[in-house]
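*Asks:* A single structure is presented below for examination.
The values are calculated or read from the model by the stated rules, or taken from the named source; none is laboratory data. For clarity, every value in this text was computed on a predicted model and none was experimentally measured. Because the Cβ atoms are built from the backbone with ideal geometry, glycine has one as well, and the counts that use them run over all protein chains shown. Note: accessible area is taken over every heavy atom of the protein model, side chains too, but ligands, DNA and RNA are not part of it. Shrake-Rupley method; radii C 1.70, N 1.55, O 1.52, S 1.80 Å.
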Amino acid sequence: AIIGVIGTYVVYDLDERTPPGLLKVLRRYTIFSLAVVVIGTFAIATLWLWMPLNGTDFQKELLRGYLTSAILTATYAALYWRESAQEARRLSYPVWVIAGAVVALLTLLVAIHYLDRFPRLNTIDELQNWIVQWTVANTGMLGSAIYRQMLPMPVVFYDGPHLLLGQLLKLFGDSFWQARVARLLLACLALPFIYLSGKRMYGQRAGLLAVVFALIIIIPTNFVRPDFFLGLMLSIDIYLYLRARTTRRPWLHFLTGLVLAFGIEGHPLVYRFGIALALIYLARWCSEMVQTRRFFLDGRFFALGLGALTAILIWFSLHILPDFQQGWHFIANYMPGGHASSYISNPLTQLLGFQLEVWAATSPFEVVIISLGVALAIWQHNDGDRLLLTLLFVSEFLLIATHYYFYRDFYQIHSLPIFALLGGRFLADLSDLRGARESSGRLAGLVMACMILCVSLAVMVQNAQAANDDPIRDDFTAIGRQLKTDLPKDAVVVGNEDYFLEIRSMNYYGIQTVTTPNWFLMKYQGDALWEVTKPDMIILSGDTLDIPKYTDTASLSAYMSENAFQLVRCYHSGSLVADVYAKQIPAGWTSNEGCQGLEDGVPPWLEK
């Protein structure tokens, strides 16, 4: 606290002080400048990569963020404080473009290298969504081949982006790695709109750095889920709003509401941003009535609402009306205050804690830059700042007030343009507040921005390496490859969804039911499910992988007993064992092959 008070005073008073003579002499030497930059970058990297700290996630983020700010301030003071007009070098915009392109290219190289493992596979949510996209690519139907109780396909309530992702998988393959490539390509469609919005609000240089910052945010959240579509629609919508706010033509305002509401195809949480945007329109309407001292109806507000209503009606017609019972089942359970909230509800402090934990685990260093961007936006408070701050704070308040579920890793992509524009604006304004809108910028700004971006890349690489080291994933991948080779091609197999990563067959069905009965109104359950599926072989991997919460163990155990399933083979990898049961022993197989100390019959954990 003492250092903070002294540091604040020194920073505030920098313009009134004169650099020491020795410092002026040292600045003439390029090697001194390089040494200061290298030492500062290494010090920040040490904070985030190697220095252990005790405390909560919030305390560690706060301390590291404070020390990072202190190091950046010290670097600026050593190299650029009170430099003369002759010393202050300005760099043309192409130099900034080259620097941004290099960082973006390095980010993409990291992404491609670790794409299959980073971010770490979310086996319940992400795997299910990939299987839906795989089903689209191989059948053309919007459904999930692995969940037999959902038949007949297609199930209309699946999000529309699955169709687009499935069509991409048709073009260049349907593996999980290729699914993440497709999702990354579609998420990057937001980048041009982020650039155009940043250029309109803060200048060309800020728009460029916002794009680079956005790409760094996208990579750790590149889950195979439709959530990216919400971030994409919000990016387009911010640009449309900036175009529409200076005109009274109804079409642009209608389009602004239409595009944002279509974000529901990515996630229903789009309503947070819709309410925030409506409040912005309403505030402007009221302000203009006060200024003109007369009451009038603002057609822009009604055009916005009409566009949003049109998109919602289209979504309702595509997803709810074709199977109203299924759609209403979802709405009744997952709307705020719905039935599902009765057993997952979390208090305010827990929701905030979940959100901070996700941010700290996914993009810890970027959270600090975004926070500094928020502080700068509050201080400057221009038109662009008010837009982003309203979207951010209103959406956060509504999330905490109405969302009862855990904050998920992939929710971060919902706010992609907000985070990117705040972070990019901060990077552009690091040392050049008065000239932030100029396409050129001081060398000081480029150096400090590159320090931050280099540390961001280093943190990303470290997190990618940590995600790459996943023993459980290695085990079920190794067993899945053996199963793909050994299992009879025409056999109907029921097993854990994790093995589908390697097997990928229309004859392979998931052992688990849909992740929660509140999501889908299932067509077949219990004994009826297995009688419809009629598996020839069943793979059991123990209660650590075949989670009893999601598996109807009683009916599965009864089905195996009634049809005289016997243990025919066991596969081992690390701590994971896959027991293969069959009605009849396949040709070339022997009973209990590779099994140690196991007997025929269903395992005790399944009977329970």
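*Asks:* Report yes if D579 is within 36 Å of the chain's Cα centre (by Cα) and at pLDDT 90 or above, otherwise no.
*Replies:* On the way: within 36 Å of the chain's Cα centre (by Cα): yes; at pLDDT 90 or above: yes.
Yes, satisfied.
*Asks:* Go through the stretch 182-225 and report how many residues are within 14 Å of the chain's Cα centre (by Cα) and of a type in the set (V, I, T).
*Replies:* Matching residues across the stretch 182-225 total 6.
Listed here are the residues, each with its yes/no results for (1) at pLDDT below 75; (2) open to solvent by less than 40 Å² (accessible area, probe 1.4 Å); (3) touching a Phe, Trp or Tyr at 6+ places or on another chain (Cβ under 9 Å).
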| site | (1), (2), (3) |
| --- | --- |
| V5 | yes, no, no |
| Y29 | no, no, no |
| A43 | no, yes, no |
| T56 | no, no, no |
| L62 | no, no, no |
| Y76 | no, no, no |
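*Asks:* Find the residue count for the stretch 238-266, including only residues that are surrounded by fewer than 18 Cβ atoms within 10 Å (Cβ to Cβ) and among the hydroxyl-bearing types (S, T, Y).
*Replies:* Total satisfying the criteria: 2.
*Asks:* Would you confirm whether or not the stretch 422-434 contains a residue that is at pLDDT 90 or above and open to solvent by 20 Å² or more (accessible area, probe 1.4 Å)?
*Replies:* Scanning the stretch 422-434, I find at least one residue that is at pLDDT 90 or above and open to solvent by 20 Å² or more (accessible area, probe 1.4 Å), so the answer is yes.
*Asks:* Same structure again: For the stretch 316-333, give me each residue that is open to solvent by less than 30 Å² (accessible area, probe 1.4 Å) and not polar (S, T, N, Q). Lay out the reasoning, then the answer.
*Replies:* Here is the first cut: in the stretch 316-333, the ones open to solvent by less than 30 Å² (accessible area, probe 1.4 Å) are 319-320, 326-327, 330, 332-333.
If the condition is that a residue be open to solvent by less than 30 Å² (accessible area, probe 1.4 Å) and not polar (S, T, N, Q), then H319, I320, G327, F330, A332 are the ones that fit.
*Asks:* Within the stretch 275-298, does at least one residue satisfy the condition of being open to solvent by less than 40 Å² (accessible area, probe 1.4 Å), of a type outside the set (V, I, T) and touching a His at 6+ places or on another chain (Cβ under 6 Å)?
*Replies:* no
*Asks:* To continue, here is another question. How many residues are outside any helix (DSSP H, G or I), more than 17 Å from G299 (Cα to Cα) and out of contact with any His (no Cβ under 6 Å at 6 or more places or on another chain) if we restrict to the stretch 227-274? Talk me through it step by step, then tell me what you get.
*Replies:* Step one: of the stretch 227-274, the residues outside any helix (DSSP H, G or I) are 227, 245-249, 266-267.
Those left that are additionally more than 17 Å from G299 (Cα to Cα): 227, 266-267.
Still in the list and also out of contact with any His (no Cβ under 6 Å at 6 or more places or on another chain): 266-267.
Counting residues in the stretch 227-274 that are outside any helix (DSSP H, G or I), more than 17 Å from G299 (Cα to Cα) and out of contact with any His (no Cβ under 6 Å at 6 or more places or on another chain) gives 2.
*Asks:* Kindly state which helices (runs of 4 or more DSSP H) lie completely within the stretch 358-447 and contain at least 2 residues that are of a type in the set (D, E, K, R).
*Replies:* 383-402
*Asks:* Among the residues of the stretch 218-233, is there at least one that is over 30 Å from D498 (Cα atoms) and buried (at least 21 other Cβ atoms within 10 Å of the Cβ)? Even if it seems obvious, please write down each step before you answer.
*Replies:* So the first thing to find is which residues in the stretch 218-233 are over 30 Å from D498 (Cα atoms), and the list is 233.
Of the ones still in play, those that are also buried (at least 21 other Cβ atoms within 10 Å of the Cβ) are 233.
Scanning the stretch 218-233 turns up at least one residue that is over 30 Å from D498 (Cα atoms) and buried (at least 21 other Cβ atoms within 10 Å of the Cβ).
*Asks:* Just to be sure before I move on: is G266 within 21 Å of the chain's Cα centre (by Cα), under 24 Å from F410 (Cβ atoms) and at pLDDT below 95 in the structure I sent? Let's see the steps before the verdict.
*Replies:* Numbers: within 21 Å of the chain's Cα centre (by Cα): yes; under 24 Å from F410 (Cβ atoms): yes; at pLDDT below 95: yes.
Yes.
*Asks:* With respect to V224, determine if the residue is touching a residue at least 60 places away in the same chain (Cβ under 8 Å), under 22 Å from Y509 (Cα atoms) and among the aliphatic types (A, V, I, L, M).
*Replies:* Values: touching a residue at least 60 places away in the same chain (Cβ under 8 Å): yes; under 22 Å from Y509 (Cα atoms): yes; among the aliphatic types (A, V, I, L, M): yes.
Judged against the criteria, V224 is a match.
*Asks:* Next question, about the same structure. Of the residues L215, L209, L168, which single one is at pLDDT below 95 and of a type outside the set (S, T, Y)? Explain how you work it out, then say what you get.
*Replies:* Numbers: L215 fails: at pLDDT below 95; L209 fails: at pLDDT below 95.
None of the others qualify; the one that does is L168.
*Asks:* Among residues belonging to the stretch 382-416 that are of a type in the set (V, I, T) and farther than 20 Å from I218 by Cα, point out the one that is modelled with the lowest pLDDT. Can you show your working first?
*Replies:* First, pick out the residues of the stretch 382-416 that are of a type in the set (V, I, T): 390, 394, 400, 402, 413.
Checking which are farther than 20 Å from I218 by Cα leaves us with 390, 394, 400, 402.
Details: T390: 96, V394: 95, I400: 83, T402: 79.
Only one residue fits best here, namely T402.
*Asks:* Additional query: If W134 meets every condition in (1) under 30 Å from V181 (Cβ atoms); (2) open to solvent by 20 Å² or more (accessible area, probe 1.4 Å); (3) part of a helix (DSSP H, G or I); (4) touching a residue at least 24 places away in the same chain (Cβ under 8 Å) apart from one, which number is that one?
*Replies:* Checking W134 against (1) under 30 Å from V181 (Cβ atoms); (2) open to solvent by 20 Å² or more (accessible area, probe 1.4 Å); (3) part of a helix (DSSP H, G or I); (4) touching a residue at least 24 places away in the same chain (Cβ under 8 Å), the one that fails is (2).
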